[in-house]
Amino acid sequence: MFVQQYSDAVFRVLHEVFDQETEKIEKAGAMLADTLQNDGLLHVFGCGHSHIVEEELFFRAGGLAAANAIFETSVMLHEGASKSSRIERMSGYAPLVLEGYPIASGDCFLIVSSSGINPFPIEMAQEAKRRGAKVIGISSFLYLEKPSREANGLHLPDVCDLCIDNHVPVGDATIEVRRDGTRAGPVSSLASVCIANSVVLAACDRLRERGIEPEVYKSGNCEGSDAHNADLIRRFRARIRHL
């Protein structure tokens, strides 16, 4: 029963995303296409489990060569899960993190936070915007009704040039598995990854319309991929820190 309930919840959320957010996804794709056409980068950041979107877009089969993941280990779970949560609620840390990444005017900055209420991701978006990047957010708009932990009461959608609703319920988990109301079966990673990949595809669509071939990695398990990928790595290594 729980598995069927989870299946229903997953498909409900994804249906809402593709039914209601397609226009925003296409707009985000157009913004990203402009960046790529002008040799800019797509920077990606998220705290905690939102960091999964960075892994999804970075150096993978079908991934953009120009994707720059901001792997800030202090907010990754392997460096201490509870510490990650505490740092996400800190203010003033974002400029220090971005000192190590070449965010330039005209780049795109994808910031993912389902709750959108914590200072660190909000300030990352603000700092990226100060550097001239176009900021695209992924967040659950259901949290707009909840108090923010940011000093001025801002939510992530308030500080983005464009923010896409991932339609994730407050609390993320969807299936009540204990009689006290505790839930399991989170959906934020699935929804946010689908949105992020859709933005990339929308950008590739725009580039093809302009006569530009999108630069994406091939699977390392396919013939001819080694030379293809090595060329992309050579061209982007100087600007993408983790290559």
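The values are calculated or read from the model by the stated rules, or taken from the named source; none is laboratory data. Here the structure is a predicted model, which is why all the values come from computation and not from measurement. Here the Cβ is made from the backbone with ideal geometry for all residues, glycine too, and neighbour counts use every protein chain on show.
Matching residues to (1) among the acidic types (Asp, Glu); (2) surrounded by fewer than 15 Cβ atoms within 10 Å (Cβ to Cβ):
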{"position": "Gly63", "(1), (2)": "no, no"}
{"position": "Ala67", "(1), (2)": "no, no"}
{"position": "Glu72", "(1), (2)": "yes, no"}
{"position": "Met76", "(1), (2)": "no, no"}
{"position": "Glu79", "(1), (2)": "yes, yes"}
{"position": "Ala94", "(1), (2)": "no, no"}
{"position": "Leu98", "(1), (2)": "no, no"}
{"position": "Pro102", "(1), (2)": "no, yes"}
{"position": "Leu110", "(1), (2)": "no, no"}
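Close contacts from the stretch 74-91, counting a first residue that is over 10 Å from Pro121 (Cα atoms) and a second that is outside any helix (DSSP H, G or I) and at pLDDT below 85, with Cβ to Cβ under 7 Å and a gap of 6+ residues or different chains, come to Ser84/Met76. Report yes if some residue within the stretch 131-154 is surrounded by 19 or more Cβ atoms within 10 Å (Cβ to Cβ), touching a Gly at 6+ places or on another chain (Cβ under 6 Å) and at pLDDT 95 or above; otherwise report no. Yes; the residues of the stretch 131-154 include at least one that is surrounded by 19 or more Cβ atoms within 10 Å (Cβ to Cβ), touching a Gly at 6+ places or on another chain (Cβ under 6 Å) and at pLDDT 95 or above. Annotation note: of Val170, Val200, the sole residue that is at pLDDT 95 or above, aliphatic (A, V, I, L, M), closer than 27 Å to Pro121 by Cα and in a loop (DSSP other than H, G, I, E, B) is Val170. Look at (1) basic (Lys, Arg); (2) under 17 Å from the mean Cα position of the chain (by Cα); (3) farther than 20 Å from Ile25 by Cα and you find that Lys146 fails only one, number (2). In summary, Leu207 fulfils each of the numbered conditions (1) more than 20 Å from the chain's Cα centre (by Cα); (2) of a type in the set (A, V, I, L, M, F, W, C); (3) surrounded by 17 or more Cβ atoms within 10 Å (Cβ to Cβ); (4) assigned to a loop (DSSP other than H, G, I, E, B) with the single exception of condition (4).
All told, Cys204 meets the bar of being closer than 19 Å to Lys24 by Cβ and not aliphatic (A, V, I, L, M).
For Glu54, the conditions (1) farther than 30 Å from Gly220 by Cβ; (2) buried (at least 17 other Cβ atoms within 10 Å of the Cβ); (3) touching a strand residue (DSSP E or B) at 6+ places or on another chain (Cβ under 6 Å) are fulfilled apart from (1).
Here is the figure for the stretch 120-152: residues that are among the aromatic types (Phe, Trp, Tyr) and touching a Phe, Trp or Tyr at 6+ places or on another chain (Cβ under 9 Å) total 1. Among residues of the stretch 204-218 that are farther than 14 Å from Asn38 by Cα, those with a beta-carbon under 9 Å from a residue that is part of a loop (DSSP other than H, G, I, E, B) and basic (Lys, Arg) at least six positions away or on a different chain give the pairs Tyr217/Arg60.
Restricted to helices (runs of 4 or more DSSP H) entirely inside the stretch 1-118, those with at least 2 residues that are in contact with a Gly (Cβ under 8 Å, 6 or more places away or on another chain), modelled with pLDDT under 95 and polar (S, T, N, Q) are 81-88. Looking only at the stretch 178-198, residues that are surrounded by 19 or more Cβ atoms within 10 Å (Cβ to Cβ), of a type outside the set (S, T, N, Q) and touching a strand residue (DSSP E or B) at 6+ places or on another chain (Cβ under 7 Å) come to 4 in all. Does the stretch 9-21 contain any residue that is surrounded by 15 or more Cβ atoms within 10 Å (Cβ to Cβ) and farther than 13 Å from Ala191 by Cα? No; the residues of the stretch 9-21 include none that is surrounded by 15 or more Cβ atoms within 10 Å (Cβ to Cβ) and farther than 13 Å from Ala191 by Cα.
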